[in-house]
Each structure stands twice: as C-alpha cells, then as structure tokens.
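A short worksheet on the structure shown next.
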Amino acid sequence: MTEERELVGRGGFAGLDACVHCGFCLQACPTFLATGDEADSPRGRIELMRALERGDLAATDDALNFHLDRCLGCRGCEPVCPSGVHYGHGLEAARARLTETRGVPRLARAALWFLTTPGVSAVVYWFGRILRATGLPRLFVGWSRLRFAMGMLAATRPMRNAKFGMRNEKAGVNSAFPVPHSALLFRGCVMQGLFSHVHDATIRTLSVNGYQVREIPGQVCCGALHAHAGLPDEARALARANIAAFSDCDDPIVVNSAGCGALMKEYGRLLDDAPVGPGQRFAERVRDVTELLAGDGGGGPVPAAPLDLHVAYDPPCHLLHAQGVAVPPLKLFAAIPLLELVQVPGAAECCGSAGLFTLLEPEMSRAVLAAKLERLREAAPQVVATGNPGCLMQLGAGLASAGIPAEVCHPVELLDAAYRAAGRYE
Ligand code: SF4
Ligand code: SF4
C-alpha cells in the first residue's frame, strides 16, 4: 500500500500524527481548564485516540469513552497547535469507531430524530414556538435540566428591546437599492424551526448589500449533528441530498449557523471527493453570512444608522476555529456607528453548547459555561452576539439563569435593526 493510500485508509486518524506532545493546546482547552485532568486535554485525548487506532485500547474501554465523550469538539485546540494537528478530524474518526461498537446513546438518537427528521421536527418546532409565545419558558428559567431547557427555548425569540429601538418584524427592502448578485439560503433545522427571524434578517441585510437571496427547495439538515455523534454515513447521505438540491447553479450558498457552515465547507472531505468532486465544489460555494456581508474585498457592509449599545461578541467555535472566520463579523459591527464592542477575556473559548453536548454532558457543559458567564458578568454588556443557534440558546439560558441582564442575538439582527433605523426598508 502506498503511503498516500495508507493515510486515506486511516481516515481522520492520520490528522493526529503531527502531535509532538508540546502541550501548547492545554490552556486553550475548556475541558482541561475545567478539570485540570490531562485525559480531558487535547494532548491526552490524542493519546487515547491513537491507542484506539493501534488497537492498544478497545472501543469498549470505559476511560476512553468517558474522556472522548467529555470533549466538546470545539476545535479550540487547533489554531494554537504549532504542528497543525487536525484534532477535529481525528475526533470524528474516533467517535465513528466508538459508535460502531456501542451504538449511539439513546438520548442522542432521540434528539437527532426529533430535531432533524423532516415532518417530525416541524411538529417539535411548532410546539416549541407555541410554548415560547406563552412567555412561560422565560419565567421558569434555571439550572435544573428542565429549567435550563426552558431558558434555551426562551433565548430563541426575536430580539425585542424597546430601549434599543429594535424590532424584527417583516419588512420589505427598499426597492431602489440595486441587487446585482444572487445567493442561495441554507435554512437548516433549528435555524428554520426556531430562528426564522434570523433568516429574515439575513435576507434583508444581504439585499441592502447587493444580494438577491433565493430559496432552494429540497434541502435537508446539513448533517453536522450526525457527524459529531459518530454517524458519518448518515451525514454523507444528507450531504448528497443538499448537493443535489443546490446543484442548479454556482451561486454562493449563504449560511447563518456556524455549526452547519463548518460541516458544509467540509463536504469534500466528508465525501472524500476533493479536489474536483461535487462535495468539494459545493463546499467552495459555502459562505457564512458575515463573509458575504463583509464583501469579497473585505470592505464591510453598507454603513447603517447608529445603535448606542455595548455588545460582547462571542465567536462561535465552529466559525472561528473550524472555519477560520474571524474578521468579517467584526466588520459587521464596525458598520454600526456608536455600537461599542466590549472586550471579554476568553471570548474565543467554547460556551459549552457544542451541538448535543449540552444535553448529553450537562455537568461538563455547565462547568465550561460558568467560566464564561463570570467574565460576562464582569464585562456587563447589554447584548451578547453570536452566530450559531446552539451558542445563542446556551448563552441565553446561562445569562438568564445567572441573573445577568444581557440579551442574546445573532449579529445580523443588530445590522438589521441598524438598517431599519437608517430607513433602508420599506
Ligand atoms: S495537539 Fe498540537 S499543541 Fe497539542 S500537544 Fe499536540 S502538537 Fe502540541
Ligand atoms: S475540541 Fe475543544 S474540548 Fe476537545 S480537546 Fe480540543 S479544545 Fe478541548
């Protein structure tokens, strides 16, 4: 077998080979910071994963499962690694190996079914919206599992704060504004079910910036939750369906959920068809909404009206670490005069949401969240902005449970409010 073939055959495990055990990644790892246990660090987990691959540890090994299950998959360890270890790919490969042996935990399987199965998820999200509209989830927010879930649901509501002059009602775009480009909207599952107001804001803000956003029928879940749960075959089936649905042109595919965008930008690797296969071609068209708004030249969005707000930006791990998108969201905030970005130490660390992690590993998830909440309490922003549904729900529930008076919203909601204030909409 040639060396190249051998690497491909080893899948994501090959990405771990570069580790030289230097330990630079330890202080970037939220779970290591929470427990101080080497086995909860990237370096420790890499050793466990390599032992799994060599067969020195069985996939049924309790300690192996325990410490890999406690990994957020946030990939905060990747940008600080001087050797270029592809930790996330290794973790996906290891989780797939564990899943082959033990199956998917029942709770994870149920969550995937309820949240991503067409037809089923529509009913779940409909019920969620009804419950949200009663206002009850906001009243019951707290730290128990049920109360935290209520807080997560409450955090999905459109941002409404009369003090800031923000509303998120339907509005048309001023038709005098030119729309020379076209982009295709990826709607996703949770984003469509509970954050359709962010889709509306995405369409409006892109229109102001020269994009006509088109709807694409036949699209499905991106597959990220499946890939992270160790179900690569299910993720591949979903990827193929999306590739077929978006295949009628080469226009950019706009995504406003960092977790979805991160996997969709890796469809080529997932389907193993780089450099010119359909997965890779699809991946190259995927753009986070902030990338499109920032413009190809990086000049930033069309300037908006002032919003006198103190905003803490919490970059989603799957935008910052997995996609490497750091500057475009900052350009979005810079387009809003008077908006002041509050610097929060450790903002680039995971909030503990990590897809289904908050549900499956609540203890570790809350420990990671607690560190962030303390720093937010000190910084005292009026708004915490983040571009991923899981992060919005986790941070919203955490802030409300901790009694910190800050609202959460997607960055495009702020730009949308500022464009409304500028009279950009009819
Ligand atoms: S993953 Fe990278 S930073 Fe961490 S120990 Fe290995 S080589 Fe060092
Ligand atoms: S992915 Fe996140 S939680 Fe897992 S080892 Fe890397 S930094 Fe730590």
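The values are calculated or read from the model by the stated rules, or taken from the named source; none is laboratory data. Only a predicted model underlies this, so the values are computations on that prediction, with no experimental measurement involved. As a convention, Cβ positions derive from the backbone with ideal geometry for all residues, glycine included, and neighbour counts pool all protein chains shown.
Of Arg240, Arg187, Arg236, all but one fail to be basic (Lys, Arg) and in a loop (DSSP other than H, G, I, E, B); the exception is Arg187. Taken over segment 395-426, the criterion of being in a loop (DSSP other than H, G, I, E, B) and surrounded by 24 or more Cβ atoms within 10 Å (Cβ to Cβ) is satisfied by His410 alone. Of all residues in segment 55-77, those satisfying the criterion of being touching a residue at least 40 places away in the same chain (Cβ under 8 Å), among the hydrophobic types (A, V, I, L, M, F, W, C) and within 16 Å of ligand 1 (Cβ to nearest atom) are Cys71, Leu72, Cys74, Cys77. For segment 379-394, the criterion of being touching a residue at least 60 places away in the same chain (Cβ under 8 Å), surrounded by fewer than 18 Cβ atoms within 10 Å (Cβ to Cβ) and either assigned to a helix (DSSP H, G or I) or on the phi > 0 side of the Ramachandran plot (or both) is met by at least one residue.
Would you be able to tell me the number of residues in segment 243-278 that are over 18 Å from the mean Cα position of the chain (by Cα) and assigned to a loop (DSSP other than H, G, I, E, B)? Qualifying residue count, segment 243-278: 14. As a summary of the residue check, Gln212 satisfies the conditions (1) in contact with a Cys (Cβ under 7 Å, 6 or more places away or on another chain); (2) surrounded by fewer than 22 Cβ atoms within 10 Å (Cβ to Cβ); (3) not hydroxyl-bearing (Ser, Thr, Tyr) except for the one numbered (1).
Taken over segment 18-35, the criterion of being within 12 Å of ligand 2 (Cβ to nearest atom) and over 19 Å from Lys372 (Cα atoms) is satisfied by Cys19, Phe24. Every listed requirement among (1) under 29 Å from Pro105 (Cα atoms); (2) crowded, with 23+ Cβ neighbours inside 10 Å is met by Asp272 save one, (2).
Being modelled with pLDDT of 95 or more, among the basic types (Lys, Arg) and near ligand 2 (Cβ under 9 Å from one of its atoms) is the requirement here; does Arg50 meet it? No. Among the candidates Gly355, Gly346, the residue that is touching a residue at least 60 places away in the same chain (Cβ under 8 Å) and of a type outside the set (Val, Ile, Thr) is uniquely Gly355.
Yes or no: Glu78 among the acidic types (Asp, Glu), modelled with pLDDT under 90 and either out of contact with any strand residue (DSSP E or B) (no Cβ under 6 Å at 6 or more places or on another chain) or within 16 Å of ligand 2 (Cβ to nearest atom) (or both)?
Answer is no for this residue.
Every listed requirement among (1) assigned to a helix (DSSP H, G or I); (2) buried (at least 22 other Cβ atoms within 10 Å of the Cβ); (3) within 15 Å of ligand 2 (Cβ to nearest atom) is met by Arg366 save one, (2).
Hey, among the residues in segment 78-91 that are hydrophobic (A, V, I, L, M, F, W, C) and not in a helix (DSSP H, G or I), which one's farthest from ligand 1 (Cβ to nearest atom)? Here the answer is Val80. Residue check: Ala371 meets all listed conditions (1) more than 18 Å from the chain's Cα centre (by Cα); (2) within 14 Å of ligand 2 (Cβ to nearest atom); (3) at pLDDT 95 or above but one, namely (3). All of Arg43, Arg97 fail the test of being more than 20 Å from the chain's Cα centre (by Cα), more than 16 Å from ligand 1 (Cβ to nearest atom) and not in a loop (DSSP other than H, G, I, E, B), apart from Arg97. From the list Gly15, Gly103, Gly55, the one residue that fits, being closer than 28 Å to Gly268 by Cβ and either within 15 Å of ligand 2 (Cβ to nearest atom) or surrounded by fewer than 19 Cβ atoms within 10 Å (Cβ to Cβ) (or both), is Gly15. One residue is enough: does segment 29-51 have a residue meeting the conditions under 23 Å from Leu263 (Cβ atoms) and surrounded by fewer than 21 Cβ atoms within 10 Å (Cβ to Cβ)? No, segment 29-51 has no match at all. When Arg281 is tested against the conditions (1) assigned to a helix (DSSP H, G or I); (2) surrounded by 24 or more Cβ atoms within 10 Å (Cβ to Cβ), the lone failure is (2).
Of the residues making up segment 294-313, those that are over 18 Å from the mean Cα position of the chain (by Cα) and either part of a strand (DSSP E or B) or within 17 Å of Val325 (Cα to Cα) (or both) number 10. Residue by residue through segment 274-293, note down the ones that are of a type in the set (Gly, Ala, Ser) and modelled with pLDDT under 95. Listed by number, the residues that qualify are Ala274, Gly277.
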